[in-house]
Amino acid sequence: MTKLEVKNLQISFRTNNGAVRAVRDISFSLEEGQTLAIVGESGSGKSVTARAIMGILAGNAMVDNGEIIYDGQDLLKISEDDFHTLRGHRLAMIFQDPLSALNPVMRIGRQLTEAMVLNNRERRRDGRRRYKKMTALLEKNAIQAYQQEGQDSSARIREKMGTFKRFIDAGVRLRTHYNNSHDALLEAKDSINQLRLELKRRDERAARDIFARLAKAAATGRHPYLIAEEDTAYKQLLDSANHFGRAFHLRDSEAALNLLEALETRINTALNRELPSFHAIAYGMQAGADTLPTGELSAINQQVEQHLQANFMEGFLVDVQKALAHSARQSQQAQQEALSQLREALPVFEKDALVESEVRAAFTRTAAAVDRAIDPMELNKDNLAYVYRSSMKTNIDRYFRGLKTNPKEMARHHRDTQKRQQLLDRNKPALQVVPMNLVDTDKARDNLARDVRALIARYEERLANPVQPSLHSAQALVDYLMRAAGDYGYKLSKAMARHRSIELMDEVGIPEPHKRFRQYPFEFSGGMRQRIVIAIALSANPDILICDEPTTALDVTIQGQILELINNLKKQRNLSVIFITHDLGVVANMADSIAVMYAGKIVEYGTAEEVFYSPAHPYTWALLSSVPDLETREKLEAIPGTPPNMIIPPKGDAFAARNNYALALDFEEQPPLFRITDTHYAATWLLHPDAPKVELPAIVQERIDRMHRRTRETTTEGRDVQ
């Protein structure tokens with residue numbers, strides 16, 4: 001599944017000397033659970049692309065064109081408030097210099113917990129919004145579905161929706177109580193660890209202060225809804241705590257440590273207990289059950305789940321399925337109408353010269369029709385439909401703005417050229433003329449027609465193969481509502497934030513996290529600071545993690561550790577990762593696909609295997625030739641020259657001046673992305689059928705052969721072991 005899609009992105013920066021064209025018409029996609037590496041020299045536009053995704057471009061940035069689509073919305077069009085919900089919560093970033101992301105005068109623990117609390121606040125707000133919106137749609141569509149069948153079930157549906165909301169809300173409260181209990185037990189466990197230290201130091205006053213916190217936390221940890229057997233065990237835990245308090249004195253520290261060990265065992269038992277089926281128990285409580293079943297928790301969970309399914313959920317899922325089917329039918333009818341509107345409007349957008357009144361009228365009609373055709377109850381959003389309005393409006397405004405500004409810019413360029421020539425004719429120094437900053441009206445017009453055609457094709461496909469919602473779809477919607485309710489219902493406590501922070505510090509490989517929790521950034525090495533930044537980025541469990549050269553400032557040994565850490569975290573959390581680097585060797589063992597960027601453009605794109613074993617662009621060859629390793633005996637080849645001035649971009653291929661394999665055409669015309677395979681593309685005229693055949697540089701070919709031999713040897717060894 002595609003998590004993020006970048007289409008035709010163009011970004012410039014205003015300067016006193018003219019516009020710097022940092023990103024020039026790039027497109028790529030990021031798949032779920034995959035790592036995309038964006039590789040290139042400094043100034044290639046890779047970091048600018050990452051900052052555009054995060055919505056943190058500099059104030060002088062200009063997004064000239066393009067879309068960044070995530071979760072059915074264009075990130076280039078959303079408000080700063082919407083970005084607050086996404087940053088950290090769903091999109092997280094690790095920066096090149098960890099100190100740029102850390103407050104030097106704030107303790108590490110405070111920075112970690114603050115990030116968690118802020119992200120929890122945004123998650124709660126987002127969860128409440130999604131829950132309220134979807135439950136309202138569910139009720140409305142269920143009522144309409146039965147009315148179409150000739151049944152007036154509005155009262156029954158409202159009653160069932162009320163029951164559903166009540167037991168979901170009660171389940172959220174029940175979970176919150178349990179979370180509070182869990183947090184208190186974690187705090188008690190932390191206090192035990194601190195007490196052990198104070199006992200060793202023989203500081204009785206400090207130890208008694210900590211014990212007071214321990215006793216309070218242990219008492220809070222007793223949950224009001226514990227079943228009888230758990231409650232008995234917890235009373236024993238509290239008795240152990242009180243016994244420890246009465247028996248505690250430094251003269252018999254061994255006995256005190258033994259009691260502490262027993263207390264920790266009780267706490268660990270409580271922390272590792274099986275969780276109740278919160279919503280099912282809440283339903284039983286809402287349905288008027290006087291007492292919960294007794295016995296082991298696993299048996300109780302099974303009983304209450306069966307009770308919930310038989311007495312409520314089976315019938316409710318049928319209602320949900322009907323609501324989904326009704327919403328889908330309404331959407332299909334609207335799609336048929338939108339399809340007619342789009343077909344009728346297509347000729348308007350295909351004209352060589354667009355007429356503004358016709359285009360804006362056609363846009364108004366089609367955008368309204370497309371908005372009506374969106375199924376609001378569909379969990380997997382159709383990005384084409386969701387971004388149609390914003391994409392079309394951007395390209396329409398761009399096209400007609402270009403018609404007005406291009407002649408003025410051409411006149412300005414002509415005047416400046418004449419002035420420069422006059423100065424040169426008089427043997428006076430003259431500055432180079434800033435090139436014309438023209439709006440590409442042809443591309444804007446083509447984008448308009450492209451978007452309309454793409455949506456026509458999508459609607460034709462959907463109408464020809466309509467999807468019928470099933471009970472599985474209904475269950476997926478109920479699960480979605482439960483997750484949304486859980487998001488808005490869970491308020492992260494300070495104790496839990498502290499515990500999770502310590503857990504995260506341990507997860508990213510920081511030794512003695514309890515001790516280092518209270519230290520400042522200057523007390524950590526560069527590698528440890530970067531681990532802290534990774535922990536902060538992971539604190540809200542985001543969907544997408546962007547790593548902007550996270551190992552550049554570290555020595556080689558630490559680089560390997562950080563790369564291994566990121567790779568392991570990606571697998572454990574199913575993260576989608578964008579990894580930005582200038583070193584192809586860094587991503588050799590972690591990238592699933594690679595985009596090679598130069599002068600703001602993607603010059604090669606493919607899977608990691610294709611880029612490493614079958615590189616096609618001379619710039620990729622140059623990057624591979626400059627990567628040091630232990631086995632290469634030849635002298636490494638440096639890339640000659642410097643990157644071009646992007647205020648005045650080269651006329652043809654931007655890499656031509658530094659390319660030993662450049663053709664005459666490279667200096668005249670920019671090459672398109674030639675297709676090598678379904679997943680491998682490169683922008684070089686060497687791939688043109690009429691181009692002369694060029695052999696790979698010897699150092700690159702030797703490295704590829706060595707990698708092939710190593711792969712064969714590894715495969716052979718694996719077979720021998722089997």
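Given a 1.4 Å probe and the protein chains all in place, what does the accessible area of Tyr488 round to, in Å² to the nearest 10?
In the full protein context, Tyr488 sits at about 30 Å².
Work through the residues other than Met436 whose Cβ is under 13 Å from its Cβ and net out their charges, Lys, Arg +1 and Asp, Glu -1.
Taking every Cβ under 13 Å from that of Met436, the sum is +2.
Taking Lys443 as the anchor, which lysines have their alpha carbon closer than 25 Å to its alpha carbon, excluding any fewer than eight residues away along the same chain?
Lys7, Lys46, Lys77, Lys351, Lys393, Lys404, Lys408, Lys601, Lys651
Under unit Cβ charges (Lys, Arg +1; Asp, Glu -1), what dipole magnitude, rounded to 20 debye, does the chain have relative to its Cα centre?
2420 debye
Could you report segment 13-123's accessible area per residue, 1.4 Å probe, as an integer in Å²?
Ligands and nucleic acids excluded, the figure is 40 Å² per residue.
Sorting Lys393, Lys7 by accessible area (1.4 Å probe), largest first, what list results?
Lys393, Lys7
Using the alpha carbons of segment 1-158, what is the convex hull volume per residue in cubic angstrom, as a whole number?
So the per-residue hull volume is 184 Å³.
Please compute, for the alpha-carbon atoms of segment 264-411, the extent along each of the three principal axes and give them in descending order in Å.
Projected onto the principal axes, the Cα atoms of segment 264-411 cover 85, 43, 20 Å.
Which of the three applies to segment 382-496, rounded, prolate or oblate, going by the alpha-carbon gyration tensor with a ≥ b ≥ c and a/c under 1.5 meaning rounded?
oblate
Can you work out the FRET efficiency for the pair Tyr520 and Lys491, with r the C-beta to C-beta distance and R0 = 25 Å, to the nearest 0.05?
E(calc), rounded to 0.05, equals 0.30.
How much area per residue is accessible in segment 331-464 when the probe is 1.4 Å and only protein heavy atoms are counted (Å²)?
Heavy-atom accessible area per residue stands at 55 Å².
Report P(r) for segment 450-513: all Cα-Cα distances, bin width 5 Å, range 0 to the bin holding the largest distance, values in whole percent.
P(r) for segment 450-513, in whole percents per bin: 3, 13, 9, 9, 10, 10, 11, 9, 6, 11, 7, 2, 0.
With a ≥ b ≥ c taken as the square roots of the eigenvalues of the C-alpha gyration tensor of segment 576-704, please select rounded if a/c is under 1.5 and otherwise prolate if a/b is larger than b/c or oblate if it is not?
Taking the square roots of the gyration eigenvalues as a ≥ b ≥ c, segment 576-704 is rounded.
Provide the solvent-accessible area of Arg329, counting protein heavy atoms only and rolling a 1.4 Å probe, rounded to the nearest 10 Å².
Here the residue's solvent-accessible area equals roughly 100 Å².
Which order do the peptides 336-345, 495-504 come out in when sorted by mean C-beta neighbours inside 10 angstrom, highest first?
Result, highest mean Cβ count within 10 Å first: 495-504, 336-345.
Ignoring ligands, DNA and RNA, please state the percent of accessible area on segment 437-560 from carbon and sulfur, probe 1.4 Å.
51 percent
Where does the chain land at 222 nm, in deg cm²/dmol rounded to the nearest 500, when only DSSP H runs of n ≥ 4 count, each adding -39500 (n - 2.57), divided by all residues?
That comes out to -19500 deg cm²/dmol.
Express in Å², to the nearest 10, the accessible area of Asp592 obtained by rolling a 1.4 Å probe over the protein heavy atoms while all chains stay in place.
Accessible area, nearest 10 Å²: 50 Å².
Provide the packing ranking of 407-417, 261-271, i.e. peptides ordered by the mean count of other C-beta atoms within 10 Å per residue, highest first.
The most tightly packed comes first, giving 261-271, 407-417.
Placing +1 on the Cβ of each Lys and Arg and -1 on the Cβ of each Asp and Glu in segment 264-411, which of Phe349, Gly402, Ala373 has its Cα farthest towards the positive end of the resulting dipole?
With unit charges placed on the Cβ atoms, the residue in question is Gly402.
Expressed as a whole percentage, what fraction of the accessible surface of segment 27-123 belongs to carbon and sulfur atoms when a 1.4 Å probe is rolled over the protein heavy atoms?
48 percent
Taking θ = phi - 60°, what integer Hz values does the Karplus form 6.51 cos²θ - 1.76 cosθ + 1.60 yield along segment 10-19, in sequence order, with x for Gly and Pro?
Values per residue, Gly and Pro as x: 9, 9, 10, 10, 6, 9, 5, 9, x, 7 Hz.
What does the convex hull of the alpha-carbon atoms of segment 128-196 project to on average, in nm²?
So the Cα hull casts an average projection of 5.7 nm².
Of the heavy-atom accessible surface of segment 669-713 (probe 1.4 angstrom), what whole percent is carbon and sulfur?
53 percent
Cα extents of segment 299-346 along the three principal axes, largest first, in whole Å?
62, 15, 5
P(r) of segment 68-169 in 10 Å steps, Cα pairs, percent per bin?
Result returned by the calculation: 11, 27, 24, 20, 11, 6, 1.
Based on alpha-carbon atoms only, what is the radius of gyration of segment 347-444 relative to the globular estimate 2.2 N^0.38 Å?
Here the answer is 1.68, to two decimals.
Angle between the Cα long axis of helix 253-271 and the longest principal axis of the chain, 0 to 90 degrees, nearest 10?
Orientation of helix 253-271: about 70 degrees from the principal axis.
Provide the per residue accessible area, probe 1.4 Å, for segment 473-589, rounded to a whole number of square angstrom.
Per residue, segment 473-589 has 40 Å² of solvent-accessible surface.
By accessible area of protein heavy atoms, probe 1.4 Å, what ranking do Thr679, Thr49 get, highest first?
Thr679, Thr49
Quick one: work out the % antiparallel among DSSP beta bridges in the chain, nearest 5.
Approximately 60 percent, going by the DSSP bridge assignments.
Where Rh is the Kirkwood radius over the Cα pairs of the chain, the temperature 37 °C and the viscosity 0.692 mPa s, what D in µm²/s does Stokes-Einstein return?
It comes out at roughly 108 µm²/s.
The values are calculated or read from the model by the stated rules, or taken from the named source; none is laboratory data. No experiment lies behind these values; they were computed from the predicted model shown. For neighbour counting, all protein chains shown are included, and Cβ atoms are generated from backbone atoms with ideal geometry for every residue, glycine included. Side chains are part of the model used for accessible areas, which takes the heavy atoms of the whole protein and leaves out ligands, DNA and RNA. Shrake-Rupley method; radii C 1.70, N 1.55, O 1.52, S 1.80 Å.
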